[in-house]
Amino acid sequence: MSMSQLNWKRAMNSENKCVVGGVDPSRTRVLKPAFMLLFVAMLFGGHATREASAQAYANDVKVLKKLSFKNEPIDLVSIEADGAKIYDGQSFNRSGDWLSGLSFTFKNASGKPIVYVAIVLLFPETEGHQPQVVHFLEYGINPLAQQKAKESGFDLVTEETPKLLHPGDSDIITLTPKSYTHLKQFLQARRPLSELKQAKFQIMVVCFQDGTSWSPGS
């Protein structure tokens, strides 16, 4: 027997399996399906992760839009939430408490001093068998409510302080932490705020020092 034949015979294992390059071909056939399963799992796992991330990002895209009316006596200067600017009608990325710290900076665009402003937030996604949820932000003390309370023999109790905003001056209406907590609790019965993607707002009423007032359509 030649040396090459002897080396070939030694290369055979006890089960008469040929070892090529130090690797048993039968083992190679066993490893291949396992490797393919791992590859497929990584491929589709990565795809699922990307889809979940994309869905999470889509859920965090929010929009706050102003409903406008003719002859509004105040001009919207800016909107902020958590110290970051929000632009009317433009989407922004925010999760969870996306209206926390909401504030509206506005300017008196009328020719008369303003004593009261009410802005209403509307949540159209909460509308169904019941009307949509709305929430009021107030600036100053409402003289109309004061008058109605007096006529009914009641004293109007409010946490607001008297305001006087002269023509051309600016000020801020803020969604206070206490008011924000009440809003979230009310929304929870319909749909959590974190799941909502949009909110709208409008100027509801403006009262002047001379006793006159403005509301949409007036």
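The values are calculated or read from the model by the stated rules, or taken from the named source; none is laboratory data. Because the structure is predicted, anything quoted here is derived from the model rather than measured. Virtual Cβ from ideal backbone geometry, glycine too; neighbours counted across all protein chains shown.
Data overview
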read-out: Test: residue in the stretch 150-165 that is among the aliphatic types (A, V, I, L, M), assigned by TED's automatic domain parsing to the domain that holds Gln198 and at pLDDT below 90; value: yes
read-out: The lone exception for His129 - which of (1) more than 27 Å from Ala189 (Cα to Cα); (2) surrounded by fewer than 16 Cβ atoms within 10 Å (Cβ to Cβ) it fails; value: (1)
read-out: Count of the stretch 153-175 residues which are surrounded by 11 or more Cβ atoms within 10 Å (Cβ to Cβ) and either among the acidic types (Asp, Glu) or within 16 Å of Leu121 (Cβ to Cβ) (or both); value: 7
read-out: Enumeration of residues in the stretch 85-129 that are outside any loop (DSSP other than H, G, I, E, B), of a type in the set (S, T, N, Q) and farther than 13 Å from Leu196 by Cα; value: Ser103, Thr105, Asn108
read-out: Among residues of the stretch 65-84, those that are modelled with pLDDT of 95 or more, outside any loop (DSSP other than H, G, I, E, B) and of a type outside the set (Ser, Thr, Tyr), counted; value: 8
read-out: All positions within the stretch 174-201 that are of a type in the set (Gly, Ala, Ser) and over 20 Å from Leu67 (Cβ atoms); value: Ser179, Ala189, Ser194
read-out: Any pair with Cβ under 9 angstrom, 6 or more apart, that starts in the stretch 153-174 at a residue that is within 14 Å of Val206 (Cβ to Cβ) and ends at one that is of a type in the set (Gly, Ala, Ser) and outside any strand (DSSP E or B); value: Pro167/Ala109; Pro167/Ser110; Pro167/Gly111
read-out: Residue in the stretch 138-146 that is part of a loop (DSSP other than H, G, I, E, B), surrounded by fewer than 13 Cβ atoms within 10 Å (Cβ to Cβ) and in the same structural domain as Phe106 (by TED's automatic domain parsing) present; value: no
read-out: Residue satisfying condition, being surrounded by 13 or more Cβ atoms within 10 Å (Cβ to Cβ), among the small types (Gly, Ala, Ser) and under 17 Å from Lys200 (Cα atoms), within set Gly89, Gly101; value: Gly101
read-out: Criterion (under 29 Å from Tyr87 (Cβ atoms), loosely packed, with under 12 Cβ neighbours inside 10 Å and without any contact (Cβ under 8 Å) to a residue 40 or more places away in the chain) met by exactly one of Lys150, Lys178; value: Lys178
